[in-house]
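The values are calculated or read from the model by the stated rules, or taken from the named source; none is laboratory data. Quantities reported herein were computed from a predicted structural model and do not represent experimental measurements. Glycine gets a Cβ as well: all are built from the backbone with ideal geometry, and neighbour counts include every protein chain shown. For the accessible areas, the whole protein counts, side chains as well, though only heavy atoms, and no ligand, DNA or RNA atoms are used. Shrake-Rupley method; radii C 1.70, N 1.55, O 1.52, S 1.80 Å.
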Amino acid sequence: MMYPWLQAFQQHLQASFSQRRFHHAQLFFGLEGTGKRYLASNLAEALLCNTTQNELNRCGSCKSCNLLKAQSHPDLFTLSGEQSSIGVDEVRALNDFIFHSAQQGGNKVVVIERIEKMTESAANALLKTLEEPALKRYILMTCNDVSKLKATILSRCNKTQVNIGDNQQVSFWLEQQGINASTHPWAEIFHNQPLLLDKWLKQDSMDEVDNLWKVAHDIDRISDIAALENEINKDPSLLNVFSRFLMSAFKQQVMNGQLNFVQYQHCVASIETFLSDHHQVLGINRTLSLSKLVFGLQRAIKQD
Ligand SMILES: [Zn+2]
């Protein structure tokens, strides 16, 4: 089942395919949790299905579709976004894969998730392949942050910004998954990233996120850094979530007059330092940086 907010994107791709102006390199970009990866893998499956002529649909029963179900299709090559970076060797393997003829006689498809994770040399190696489109070869990419991509890469792709569009559709969908503002007051903050919310629900992290929300609103009384760290260790991406909750809590407090503007600015600066340390320092001591953040915020809140 296609997520409701992705249907318009799917129809657009379908139209370009039927009209034979479908680009060999498709880049799906946008926030985390909007369904870019889903869109790309769905498209990959449709391109590999043996029955695909003018329609971008997979039949679900041909030989290709069965190979896809078994996750062993020889003409699909995926570079997963789970890894910390995409190196030049992986892109060279991908180039080799594209170059050789298809084992099932049809299309060959490459999916590269989180293409912003490519190293400089990996991006250069990919560039050549993007420049020389080959018949029946498709490269499908996802990206959470296009500002990290080279202009030369961007200019060689058909770009689709994936976002949720119709708010009501998403609210209804989230409601169906059992996520709403009355049970999780923070859900609104992630309304435009519905699959992120869904991921937390599926990996059983809703309690952790609920708790981070409480901690963010109670930060002046927090002393147990180890408990906070335990919470975050379950999923390191919760660090960003916690930072967003803090920002939201302080913004609320400055509007209510509980914080003055100078205090607020100090809080924001502490959070920004914390985030940039985490993005830039490899193997950072999380306990230390969390204590630095929490005590820095407490100091900022108490000062006049
Ligand atoms: Zn099929």
Legend entry - Residue selected from the stretch 164-177 under the condition modelled with pLDDT under 90 and part of a loop (DSSP other than H, G, I, E, B), by the criterion least open to solvent (accessible area, probe 1.4 Å): 165
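Quick grid of which residues meet (1) β-branched (Val, Ile, Thr); (2) away from the ligand (no atom under 15 Å from the Cβ):
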{"site": "33", "(1), (2)": "no, yes"}
{"site": "57", "(1), (2)": "no, no"}
{"site": "62", "(1), (2)": "no, no"}
{"site": "68", "(1), (2)": "no, no"}
{"site": "76", "(1), (2)": "no, no"}
{"site": "79", "(1), (2)": "no, yes"}
{"site": "88", "(1), (2)": "yes, yes"}
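Return the residues of the stretch 221-234 that are free of Cβ contacts under 8 Å to residues at least 60 places away in the same chain and open to solvent by 30 Å² or more (accessible area, probe 1.4 Å); say none if nothing qualifies. Steps first, answer last, please.
Here is the first cut: in the stretch 221-234, the residues free of Cβ contacts under 8 Å to residues at least 60 places away in the same chain are 221, 223-224, 227, 230-234.
Passing the criteria: 221, 223, 224, 227, 230, 231, 233, 234.
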Inset, instruction - Read through the list (1) under 22 Å from residue 133 (Cα atoms); (2) free of Cβ contacts under 8 Å to residues at least 40 places away in the same chain; (3) among the aliphatic types (A, V, I, L, M), then give the number of the only condition that residue 27 fails. - result: (2)
Inset, instruction - Assess whether residue 218 counts as being loosely packed, with under 14 Cβ neighbours inside 10 Å and either touching a Phe, Trp or Tyr at 6+ places or on another chain (Cβ under 9 Å) or among the charged types (D, E, K, R) (or both). - result: yes
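With respect to residue 50, is the statement that it is touching a Cys at 6+ places or on another chain (Cβ under 9 Å), of a type outside the set (Phe, Trp, Tyr), in contact (Cβ under 8 Å) with a residue 24 or more places away in the chain and within 16 Å of the ligand (Cβ to nearest atom) true? Steps first, please.
Values: touching a Cys at 6+ places or on another chain (Cβ under 9 Å): yes; of a type outside the set (Phe, Trp, Tyr): yes; in contact (Cβ under 8 Å) with a residue 24 or more places away in the chain: yes; within 16 Å of the ligand (Cβ to nearest atom): yes.
Against the criterion (touching a Cys at 6+ places or on another chain (Cβ under 9 Å), of a type outside the set (Phe, Trp, Tyr), in contact (Cβ under 8 Å) with a residue 24 or more places away in the chain and within 16 Å of the ligand (Cβ to nearest atom)), residue 50 qualifies.
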Legend entry - Check on residue 237, surrounded by 16 or more Cβ atoms within 10 Å (Cβ to Cβ) and within 25 Å of the chain's Cα centre (by Cα): no
Legend entry - All positions within the stretch 115-133 that are open to solvent by 50 Å² or more (accessible area, probe 1.4 Å) and either under 23 Å from residue 21 (Cβ atoms) or of a type outside the set (Ser, Thr, Tyr) (or both): 120, 124, 128, 131, 132, 133
Legend entry - Identity of the residue in the stretch 147-163, not in a loop (DSSP other than H, G, I, E, B) and not polar (S, T, N, Q), that ends up nearest to residue 3 (Cα to Cα): 159
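Matching residues to (1) touching a helix residue (DSSP H, G or I) at 6+ places or on another chain (Cβ under 9 Å); (2) under 30 Å from residue 4 (Cβ atoms):
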| position | (1), (2) |
| --- | --- |
| 29 | yes, yes |
| 42 | yes, yes |
| 63 | no, no |
| 68 | yes, yes |
| 71 | no, yes |
| 105 | no, no |
| 121 | yes, no |
| 124 | yes, no |
| 132 | no, no |
